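Read through the structure below, which is laid out as C-alpha cells, and then see the notes.
The values are calculated or read from the model by the stated rules, or taken from the named source; none is laboratory data. Nothing here was measured: the structure is a model prediction, and the numbers come from that model. Note: ideal-geometry Cβ built from the backbone for every residue, glycine included; neighbour counts use all protein chains shown. Surface accessibility is based on the protein's heavy atoms, side chains included, excluding ligands, DNA and RNA. Shrake-Rupley method; radii C 1.70, N 1.55, O 1.52, S 1.80 Å.
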Amino acid sequence: MNYRHLLFILILVSCKPVPSIVEENKLSFKNEKTIKYFANTQNSLFTTYKSFGLKLNDNCLYKDSTLIYCRENNFVYFDEIFDNRFLITSIGKKRYTGWAGVDTVDKDSTYIFDLKTKKKSFVSLKKTYFTYSKKSLAETYHFNTKMDPKFTYHYTIDSINLDTNELFLVNPNFKLVEYKLKSVN
C-alpha cells in the first residue's frame with residue numbers, strides 16, 4: 001500500500017459528518033403545530049374549507065355567517081390553516097402567478113383570522129415564505145445560515161396571539177423572531 005492510499009484512509013476515518021441543525025439543537029418535532037394547505041382532498045398536508053366550517057360563496061369566504069373576505073378580480077388569494085385554528089390568507093397581484101409551490105407564496109400582504117374568536121390581523125412580511133413545519137424548515141436549512149437581506153427565506157410559525165397582536169416565527173437558524181400584527185375590523 002502506498003502513502004497516498006494510507007493518507008486517504010486516514011483522512012476518511014478522521015472525518016466526522018457535519019451535524020445538522022436538528023442534531024445540533026437537539027430538536028424534537030413531536031406534537032408540533034403545522035400549516036395545512038387548502039385543496040379538494042384531506043391528508044397530512046392538505047385540508048378542505050368544509051372541514052373548518054368555511055364556505056366560499058360568490059368569491060366571498062365565510063365562517064358560519066361571519067364574512068372573512070371577498071376576493072377582488074385583480075388579486076390572487078392563497079389560504080392556509082395553522083394549528084387548526086388560524087386562517088392565513090396571502091394576497092398578491094393577479095399578474096404575479098409565479099408560485100412554484102405552496103411553500104413559495106410571498107407573505108408581503110398577509111391576513112390572519114382566528115376561527116375561534118373571529119379576530120383578524122394583518123402583517124407584511126417582506127422576503128418571507130412559510131414552510132409547513134419546523135421539521136420541514138430543518139430539512140431545508142442544514143447549517144447555520146447567513147441571513148442576507150437581499151434573499152427570501154423560509155420561516156415556520158411558532159405561535160400566533162391575536163389578543164396581543166403577536167406573530168412568532170422561527171427563522172432558518174431556529175431563532176424565534178417576533179412580529180407585531182395590526183388589528184383589522
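Keeping every protein chain in place, order Thr48, Thr131 by accessible area at 1.4 Å, biggest value first, i.e. largest first.
On the way: Thr48 30, Thr131 5 Å².
Order by accessible area, largest first: Thr48, Thr131.
Each of Asn144 and Ser183 was given a label point 7 Å from its Cα along the Cα-to-Cβ line. The distance between the two points is 4.1 nm.
Proximity of backbone amide H atoms, modeled 1.01 Å from N, is registered between Phe46 and Tyr37 at under 5 Å, excluding neighbours fewer than 5 places apart on the same chain. Rolling a 1.4 Å probe over the protein heavy atoms gives the stretch 49-165 an accessible area of 55 Å² per residue.
Among the protein heavy atoms, those of Leu181 account for about 10 Å² of accessible surface (1.4 Å probe, every chain in place).
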